[in-house]
Amino acid sequence: MELWRRSTALAVYSDGIVGVVRAAHGYINVRPQALLVAAGAREKSLLFPGHTLPGVYGAGAFQTLVNRDRVRPSERLFIVGGGNVGLITGYHALQAGIDVVGLIEILPACGGYKVHRDKLARLGVPIHTSHTVLSVNGTREVESITIAAVGPDFAPLPGSERSYACDTVLIAVGLDPVDEIYRQAKRFGLSAFAAGDADEIAEASAAIFSGRIRAVETARALGKETGPVPDGWVRTLEILKSAGGAVFPPERPPAHRGVLPVFHCAQEIPCDPCSQICPQSLIAIRTADIRGTPAFLGIERDVECTGCARCVTACPGLAVSLVDYRSDPESPTVTLPFEFDDSRLGSARAVTALDDEGEVLGVYPVLELSARREGTSLLRLQAPAAVAPRIAGVRVQPDDVGTPFSSSVSTIGDEIVVCRCERVTVREIRALIAGGCRDVNEIKAVTRAGMGACGGKTCAALILRLFREAGASAEEITENVRRPLFVEIPLGAFAGVEGDEVG
Ligand SMILES: Cc1cc2nc3c(=O)[nH]c(=O)nc-3n(C[C@H](O)[C@H](O)[C@H](O)COP(=O)(O)OP(=O)(O)OC[C@H]3O[C@@H](n4cnc5c(N)ncnc54)[C@H](O)[C@@H]3O)c2cc1C
Ligand code: SF4
Ligand code: SF4
């Protein structure tokens with residue numbers, strides 16, 4: 001197979017040709033026998049006053065800076081969106097030494113897995129559900145955010161506004177498939193397939209199985225002998241892309257002797273490393289697939305847990321603690337996973353212990369912080385037997401980090417920009433919608449929204465949201481006609497100009 005790197009598919013044309021800009025070759029036309037689109041996803045945007053201020057980031061850009069480039073772009077971060085991406089990014093920010101002032105989620109509960117939500121809560125991040133962003137405030141850059149509680153209709157509740165000092169706001173409100181090329185190819189009758197996020201938004205492990213399945217289907221479309229797609233792949237894909245399931249009340253150890261692992265993992269999710277890692281096979285997920293919650297088998301089998309802590313370090317949700325009653329049953333030790341350097345513990349060597357929901361249980365002495373094992377250290381505390389099994393984490397940022405200003409800051413948003421390329425404002429588009437316009441193409445013709453270099457990738461979804469806000473039903477609205485090109489490209493690429501001259 002030939003792999004073309006640094007090459008971008010720009011468009012599909014009605015005659016079945018795909019336009020590609022290929023490194024060192026310039027623009028070329030390809031006529032594929034079959035097309036497999038695995039172009040991933042793009043992040044959704046939100047409209048609010050201040051959404052274009054420097055310091056408002058999408059989660060992908062923020063994660064690239066922090067995780068790949070090792071840049072700390074923020075001191076005080078506020079997160080909008082409680083899906084897995086927002087929750088995980090919050091944890092990465094804490095690891096990078098950034099204080100996370102808070103996270104808001106407009107729904108009554110975070111949509112991400114509960115272990116990811118709890119991971120943030122039990123490190124001391126305030127999580128505000130049923131809240132939305134009213135504005136991000138600042139003159140030249142982000143200085144604060146103003147949020148408000150919402151009612152059942154998601155409208156902000158007057159009087160509930162609160163503002164928090166922050167220098168960065170992370171928008172993590174979901175992803176849209178990058179499927180323009182796929183949809184256009186289907187429209188023009190090509191043999192086309194979509195895999196991974198371009199097909200359905202899920203996680204990386206699901207994208208791998210989706211890719212395997214579509215690869216077989218694509219090979220078959222090319223006339224290859226493939227055999228059927230294995231049922232196991234289809235089933236695994238279904239499991240891996242499933243949302244979090246039922247939440248069960250936390251199970252606490254029934255006995256106070258020996259060493260007991262405690263699972264702060266109360267929701268059905270596709271995850272099972274804890275059940276694979278125990279050298280004594282004392283942890284099991286007793287459901288038909290890996291989505292059940294873990295259980296400790298030591299008591300029913302009368303086999304002692306050795307306290308090796310492998311289950312503590314193996315859990316990606318940091319959701320296993322060990323309570324060791326052997327030396328003092330009244331004041332056992334609690335071992336927790338810890339993925340920070342010890343500067344996060346402060347000099348006092350006593351930590352504020354939190355439960356699954358982030359409620360403070362007390363301040364307890366640190367006995368030891370072990371060297372890292374595969375990136376995870378073990379933090380050992382001593383705590384009274386009555387609270388020890390409930391300890392799920394320790395606060396790693398100042399107590400007052402989530403304290404709001406005494407009065408809220410408001411920014412009026414008449415001129416919020418919807419189309420960044422052509423600087424078209426909410427006011428202009430709302431006026432057209434209020435005047436009866438129901439056609440996105442008409443809005444484009446009148447205001448130039450969506451006519452810019454990006455091809456309407458961000459503003460198209462935002463304009464649809466303004467229609468919904470005005471009460472227009474989906475059936476009334478004519479969406480914009482998708483035309484090539486789908487990817488920004490310097491004009492010189494078509495003239496065969498290369499390198500710096502291409503623009
Ligand atoms: C901020 C963020 C954090 C995430 N964190 C996690 C996580 O912690 N764990 C997890 O499991 N999942 C996570 N995900 C989800 C995960 O990244 C995706 O599910 C996974 O990458 C999807 O794989 P894919 O191959 O479908 O797409 P991608 O990995 O996005 O790959 C798509 C590729 O297509 C290329 N491409 C796009 N358009 C074109 C074009 N026109 N021509 C040629 N090439 C093109 C892109 O450059 C890219 O290389 C996260 C997603 C985001 C956005
Ligand atoms: S601490 Fe070790 S022995 Fe005990 S349950 Fe965990 S992995 Fe098994
Ligand atoms: S490894 Fe086990 S305890 Fe940890 S999140 Fe997965 S299922 Fe839950």
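The values are calculated or read from the model by the stated rules, or taken from the named source; none is laboratory data. Since the model is a prediction, treat every value here as computed from it, not as a measurement. Backbone-built Cβ (ideal geometry, glycine too); neighbour counts: all protein chains shown. Remember, those area values only see protein heavy atoms, side chains included, never the ligands or the DNA or RNA. Shrake-Rupley method; radii C 1.70, N 1.55, O 1.52, S 1.80 Å.
Annotations
Here is a yes/no grid of residues against (1) among the β-branched types (Val, Ile, Thr); (2) more than 28 Å from the chain's Cα centre (by Cα):
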site	(1), (2)
Ala219	no, yes
Glu225	no, yes
Pro228	no, yes
Thr236	yes, no
Leu240	no, no
Arg252	no, yes
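- A single entry from Ser210, Ser205, Ser191 fulfils the requirement of being near ligand 1 (Cβ under 9 Å from one of its atoms), open to solvent by 40 Å² or more (accessible area, probe 1.4 Å) and touching a residue at least 12 places away in the same chain (Cβ under 8 Å): Ser205.
- Number of the exception - Gln33 against (1) under 30 Å from Lys224 (Cβ atoms); (2) within 16 Å of ligand 1 (Cβ to nearest atom): (2)
- Screening Gly298, Gly245, Gly292, Gly232 for residues that are in contact (Cβ under 8 Å) with a residue 24 or more places away in the chain, of a type in the set (Gly, Ala, Ser), more than 15 Å from ligand 3 (Cβ to nearest atom) and out of contact with any Phe, Trp or Tyr (no Cβ under 8 Å at 6 or more places or on another chain) leaves exactly one candidate, Gly298.
- Looking at Glu238, Glu268, just one residue is without any contact (Cβ under 8 Å) to a residue 24 or more places away in the chain, away from ligand 2 (no atom under 14 Å from the Cβ) and farther than 25 Å from Leu369 by Cβ, and that residue is Glu238.
- Residues satisfying the stated conditions in the stretch 249-285, i.e. surrounded by fewer than 16 Cβ atoms within 10 Å (Cβ to Cβ) and more than 12 Å from ligand 3 (Cβ to nearest atom): Pro249, Arg252, Pro254, Ala255, His256, Arg257, Pro279, Gln280, Ser281
- Which numbered condition Gly362 fails, given (1) at pLDDT below 95; (2) open to solvent by less than 40 Å² (accessible area, probe 1.4 Å): (1)
- Looking across Gly358, Gly317, one residue alone is in contact (Cβ under 8 Å) with a residue 40 or more places away in the chain, under 24 Å from Ala93 (Cα atoms), within 16 Å of ligand 3 (Cβ to nearest atom) and not in a strand (DSSP E or B). It is Gly317.
- The residues of the stretch 53-81 that are closer than 20 Å to Gly413 by Cβ, in a loop (DSSP other than H, G, I, E, B) and open to solvent by less than 60 Å² (accessible area, probe 1.4 Å), listed by number, are Leu53, Gly55, Gly81.
- Each residue in the stretch 185-195 was checked for being more than 28 Å from the chain's Cα centre (by Cα) and closer than 17 Å to Val30 by Cα, and 7 of them qualify.
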